[in-house]
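The values are calculated or read from the model by the stated rules, or taken from the named source; none is laboratory data. For clarity, every value in this text was computed on a predicted model and none was experimentally measured. Cβ atoms come from the backbone with ideal geometry, glycine included; neighbour counts cover every protein chain shown.
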Amino acid sequence: MTRIIQIQKTDNVVIPTDAVPKGSSIEGGLVALDDIPQGHKIALQTLKKGDAVIRYGIIIGYLKQDVTAGAWINEYMLELPSPPPLEDMPWGTNVNAVLPSSPLKTFMGYDIPGAPYAGIRNILAIMPTVQCVSGVLNVAVERMKAELLPHYPNVDDIVPLNHAYGCGVAIGAREAHVWIRSLKNLLYNPNFGGEIMVVALGCEKLTPDMLLDTKKNTAENLIILQECKGFKAMVDALMSMAEQKLQKLNRRKRTELPLSKLCVGMQCGGSDTFSGVTSNPSAGYASDLLVNAGATVLFSEVTEVRDGVHLIAARCVDETTRNKLAAEMRWYDDYLDKGGIDRNANPTPGNKKGGLANIVEKAMGSIAKSGTAPVVEVLSPGERPSRQGLIYAATPASDIVCGPEQLASGIVLQVFMTGRGTPYGLAAAPVIKVSSRTVMKEMWNDLIDVNAGIIAESKETIEEVGLHLFNMIVDTASGRYKPWAEQYRLHNDLCIFNPAPIT
Ligand code: CA
């Protein structure tokens, strides 16, 4: 008999752990009235057109037609509810969750004197001020890796932080600061060890002083290609500066540090209905363990929080945090509205095939990765934290944009939950992949680090998988484990969020 999963007692739909052929019996005495795909919704009771469909204890939509108990409820049958209002959201009403006690309090990291967070990898990062110089930079980096890097065994990698900004942009536009702040803060990601190397062209709008303060804006850290006499001189200058930086980075050593020096990011991508049942809740448990140990955890993805924003507001520790949460959501509502769409533009065809009917259902699964800890701060895209604990970093949900924005905020490692599968990875930080279903792990055994699908099969609990993930996070941070994406060097482009016009 097919097993079903009901999240809350008030839910009037359940999901089957496997596909259900029409006419077959389902746990709880139901008979399937349709061929129901794995993880899709089954009506627990007969419902009328206009009735609320409840999952996760909240209304995920209103029925466009009558359904009988045992019927398949798919995305075409649901009317989207209005998003929760942003005005006067109660805050501080759910901030006393008892967090699970962390079994570890320290990790082996690269401390940066005076910085709140430590690095977990030792990387020479080189940032162009403008895409125009990236061709030269890429050629130089290839040579650096071949000729210099082998002489500096304590340095893990040399990473060009190529991006699409810098010139041909409206640098004075209202929202231009989002990109500029992201680049500026990205330079100081702890995995780069505080060593700054910037390559400018010389005539671009994003001038080096916009990225570097006066102390750092020196010939020691900055090369301007228009001041170099020909291509060979450009590459020579880049090689020479890289060697200086590599010498310094090579002296870094891992030491035992408190977990309060660790900043970890969480995001999901290619989600399915099991993401909210297995992988995201176990990531939430790992997040609670990290926060209990004093670490900082960032979760993000505005459109995937919007429909559960009241639940996050209730976990905000003060009014300022709640107000910033509301302001970020409001800004994003307007941003989407200008594009003639709303938050429901988020779910992908793959999400829907995986059983997620709309953004409300996706959001309720997505926010499970935030665990139960209080939210101590809300960050605008690319901002750096000023507090430690669970933090909401308001980035787009797009995997390849959320990643760089969290890097700019200072994460040194990302945990990535997936249901449908994506080979996503970052050059600047290891990415641990958690699958929501066992079939995903079996399909991509050599890409998925943790299989949370065993939770749906009742082989392990959310807490057991969460603890396993927590230990893997600490092992990865300490350099004892390399996730698959890091081993294969799967490096996606840095797609920094740019809400501003280009010219
Ligand atoms: Ca995402």
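Of the residues Arg254, Arg315, the single one that is more than 15 Å from the ligand (Cβ to nearest atom) and either under 30 Å from Tyr110 (Cα atoms) or modelled with pLDDT under 95 (or both) is Arg254. From the set of residues in region 363-391 that are within 14 Å of the ligand (Cβ to nearest atom) and not hydrophobic (A, V, I, L, M, F, W, C), which is surrounded by the most Cβ atoms within 10 Å (Cβ to Cβ)? Only one residue tops the list, namely Gly365. Do you know which residues across region 83-103 are under 13 Å from Val375 (Cβ atoms) and either in contact with a Cys (Cβ under 8 Å, 6 or more places away or on another chain) or small (Gly, Ala, Ser) (or both)? If the condition is that a residue be under 13 Å from Val375 (Cβ atoms) and either in contact with a Cys (Cβ under 8 Å, 6 or more places away or on another chain) or small (Gly, Ala, Ser) (or both), then Trp91, Gly92, Val95, Ala97 are the ones that fit. Looking only at region 450-470, count every residue that is free of Cβ contacts under 8 Å to residues at least 24 places away in the same chain, of a type outside the set (S, T, N, Q) and farther than 17 Å from Lys433 by Cα and tell me the total. Going through region 450-470 one residue at a time, the tally reaches 2.
Residues satisfying the criterion are present in region 260-273 (criterion: away from the ligand (no atom under 16 Å from the Cβ), surrounded by fewer than 24 Cβ atoms within 10 Å (Cβ to Cβ) and under 30 Å from Pro113 (Cα atoms)). Scanning region 446-465 for residues that are among the charged types (D, E, K, R) and closer than 17 Å to Asp18 by Cβ yields Glu457, Lys459.
Just one of the listed residues (Glu457, Glu442, Glu463) is touching a helix residue (DSSP H, G or I) at 6+ places or on another chain (Cβ under 6 Å) and surrounded by fewer than 20 Cβ atoms within 10 Å (Cβ to Cβ), namely Glu463.
Please go through region 355-404 and give me each residue that is acidic (Asp, Glu) and within 29 Å of Gly39 (Cα to Cα), ordered by number. It would help to see each step written out before you state the result.
Filtering region 355-404 down to residues acidic (Asp, Glu) leaves 361, 377, 383, 399.
Glu361, Asp399, listed by residue number.
Residue check: Ser102 meets all listed conditions (1) surrounded by 23 or more Cβ atoms within 10 Å (Cβ to Cβ); (2) among the small types (Gly, Ala, Ser); (3) part of a loop (DSSP other than H, G, I, E, B) but one, namely (1). All conditions but one from (1) at pLDDT 95 or above; (2) more than 15 Å from the ligand (Cβ to nearest atom); (3) surrounded by 24 or more Cβ atoms within 10 Å (Cβ to Cβ) apply to Val360; the one that does not is (1).
Considering Lys353, Lys338, Lys362, Lys369, the condition of being of a type in the set (Lys, Arg) and under 14 Å from the mean Cα position of the chain (by Cα) is satisfied by Lys369 alone. Residues of region 288-312 that are within 16 Å of the ligand (Cβ to nearest atom), crowded, with 24+ Cβ neighbours inside 10 Å and within 14 Å of Thr372 (Cα to Cα): Val297, Leu298, Phe299. If the condition is being within 20 Å of Ile367 (Cβ to Cβ) and either away from the ligand (no atom under 12 Å from the Cβ) or of a type in the set (A, V, I, L, M) (or both), then region 392-419 contributes Tyr392, Ala393, Ala394, Ala397, Val401, Ser409, Ile411, Val415, Met417. If you go through region 252-280 and keep only what is part of a strand (DSSP E or B) and of a type in the set (A, V, I, L, M, F, W, C), you end up with Leu257, Cys263, Val264, Met266, Cys268.
Can you name every residue in region 453-479 that is part of a loop (DSSP other than H, G, I, E, B) and touching a strand residue (DSSP E or B) at 6+ places or on another chain (Cβ under 8 Å)? Within region 453-479, Ala456, Ser478, Gly479 meet the criteria. For the residues Pro190, Pro208, the requirement of being buried (at least 22 other Cβ atoms within 10 Å of the Cβ) and more than 16 Å from the ligand (Cβ to nearest atom) singles out Pro190.
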